[in-house]
Structure formats: C-alpha cells, structure tokens
Amino acid sequence: MSIDPTLRDALAAVTPASLARALTRAGLRAFSPRGLAANSGSATAVGPAHTLRMVPARGEGAGDLAGAIEAVPAGAVVVIDAGGSGVPLPFAAILAARLSSRGALALVTDAGLSEDVALPAWSAAATAEGGLVLAATGEPVAVRGAAIHPGDIVVCAPAGVVAVPAELAEQVALEAVEQQRLDLWLQREVERGGRLDGLLPPDTDARARFEAETR
C-alpha cells in the first residue's frame, strides 16, 4: 500500500494530540500505544502498518523471523506485538539494520530493545528475561492498549504513536490540520491577554474571528 504524498505530509505536520482528538470525534478508541519510548534516532515517520506477532519462547527457535523480515515492504512501519512481555526483541540490531536496508520507515513494538538500533524505533523498556518466537504476520495486533491493523497508517512522532484506519485517514488529516490551526490561534489569543471564557471552548464570536484572521 502506498500513501498519497499530500496525505502523508498532512499527517506528518500535525501533532499526535491533534490526531487523537480527530479520531475520538470519529468514534474510535484504542488507537495509540501507551508508554513507548522513542530511541535517539527517531523523527516523525508516516507509513502503512506491517504487523508481526511474537510470543514468549518455550525453548523452540525463533520461527521464520528472517523470512518475515524479508517480506516487509519498503515504506512500511513495522509493528511487532510481543504481548507486553517486556522481553527484549531478539537480534534487534540485526533485524533493524535489515529493515532499514529494505526501506522500512520505523519500528513500533511492546518488546524491549536492549541495544541501539539503526532505525527510528518506539519500544517498551526491557523488563524481563527470555526469548520471543514469531507466531503470525499480517494480522491485527495489540500494542500497549492500541489495536493496529495491517494497512493502518501509523504516524510516529517524538511525542507518541497514532494508528489511523486507512479509510479515515483523509478525513482525520483534514480535521487534525484544522484543529491544530485553531489551537495555535487560541494560544496566540491568550498570549495577547484574551480571557478564557469564550475561547475554551471557542464560542461563535471566537470562531468568526479565527476564520476572519486565518483565511
């Protein structure tokens, strides 16, 4: 799946908070993983989700993890559900290097990353010992309270990660851009000495002034 460049740029230009408000207004929940930390090389990345699910190893090998990595398409955000186990992702640096060379944009996982990786990554802290094995690819996954489906457009930013259903992406992007414009205008009004009543939430007069000053 490819993303229209204009849509990608619009999603990249807004904050996760603005996207979250637009998704909430659309009636969605469970779209943002909680408590993931971005690594030092992480910048904003926007791409379709390519999902893998891993489970704790009982002594068996890692499954065909190499084959799963080789199947990741260029431009994808790789989302790995590790069941919130806190177990480090196996061979993390090697996997991330190969994902990067294949054109993957980012890695989002509730596994731990115990070493630096050469790919923008959002991960959980490594809190447990053990191994992980590949259980499935290309199915809906759960990552720290978020449901992420294959093909969702995942927006990864230093402030957080949001998964946007592809069929809602254009609507959500437009609403989020407008919400962010309004938020910036409201902030400027307060900095100029404006009173909060009538601004939070903006009343009819405030909306009219916003439209007149920003169009």
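No lab work stands behind these numbers, since they all come straight from the coordinates. Since we're looking at a predicted model, the values are computed, not measured. For neighbour counting, all protein chains shown are included, and Cβ atoms are generated from backbone atoms with ideal geometry for every residue, glycine included.
Which of the trypsin sites (Lys or Arg not before Pro) across region 37-117 are loop residues per DSSP, with 16 or fewer other Cβ within 10 Å?
On the way: sites: 53, 58, 98, 102; in loops: 58, 102.
The qualifying sites are 58, 102.
Using just the alpha carbons, could you tell me how many Å³ per residue the convex hull of region 9-86 encloses? Can you show the working numbers first?
Values: hull volume 11.2 nm³, N = 78.
With only Cα atoms used, region 9-86 gives 144 Å³ per residue.
Fewest first, what order do 141, 154 take by the number of other Cβ atoms within 10 Å? Write out the running numbers ahead of the final one.
Values: 141 25, 154 29.
Fewest-to-most Cβ neighbours within 10 Å comes out as 141, 154.
Which cross-chain or sequence-distant (5 or more) residues have an amide H under 5 Å from the amide H of residue 54, H modelled 1.01 Å from N in plane?
81, 82, 83, 135
How many angstrom lie between the C-alpha centres of region 143-170 and region 1-33?
7
Which cross-chain or sequence-distant (5 or more) residues have an amide H under 5 Å from the amide H of residue 132, H modelled 1.01 Å from N in plane?
Distant-sequence amide H within range of residue 132: 57.
What FRET efficiency do you get for residue 127 and residue 94 if R0 is 30 Å and r is their Cβ-Cβ distance, rounded to the nearest 0.05?
That pair, residue 127 with residue 94, gives E of 0.85.
Cα axis of helix 204-214 to longest principal axis of the chain: angle in degrees, 0 to 90, nearest 10?
Its long axis makes an angle of about 80 degrees.
Arrange 153, 3, 69 by Cβ neighbour counts within 10 Å, fewest through most, would you? The partial results should precede the final answer.
Numbers: 153 23, 3 16, 69 20.
So the residues, fewest neighbours to most, are 3, 69, 153.
Between region 196-215 and region 90-127, how far is it from one alpha carbon centroid to the other, in angstrom?
44
Which one of 124, 94, 210 has its Cα pushed farthest toward the positive end of the charge dipole of the chain, where Lys and Arg give +1 and Asp and Glu give -1 at the Cβ?
Of the candidates, 210 comes out farthest on the positive side.
Using a 10 Å cut-off around each Cβ, can you sort 101, 40, 85 from fewest to most neighbouring Cβ atoms? Walk me through the intermediate numbers first.
Numbers: 101 10, 40 7, 85 18.
Lowest to highest Cβ neighbour count: 40, 101, 85.
On a 0 to 90° scale, report how tilted helix 169-191 is relative to the longest principal axis of the chain, with both axes built from alpha carbons and the result rounded to the nearest 10.
Rounded to the nearest ten degrees, it is 50.
Compute the acute angle (0 to 90°) between the alpha-carbon long axis of helix 92-101 and the principal axis of greatest extent of the alpha-carbon atoms of the chain; round to the nearest 10°.
70
If you put +1 on each Lys and Arg Cβ and -1 on each Asp and Glu Cβ, how big is the dipole of region 172-214 around its Cα centre, in Debye rounded to 20? Could you put the intermediate results ahead of the total?
Values: 6 positive and 10 negative charges, 26 e Å.
Here the size comes out at about 120 debye.
When all alpha-carbon pairs of the chain are counted, what percent fall beyond 33 Å? All intermediate terms of the calculation are to be shown ahead of the outcome.
Details: 5394 of 23005 pairs.
Summing the P(r) of the chain above 33 Å gives 23 percent of all pairs.
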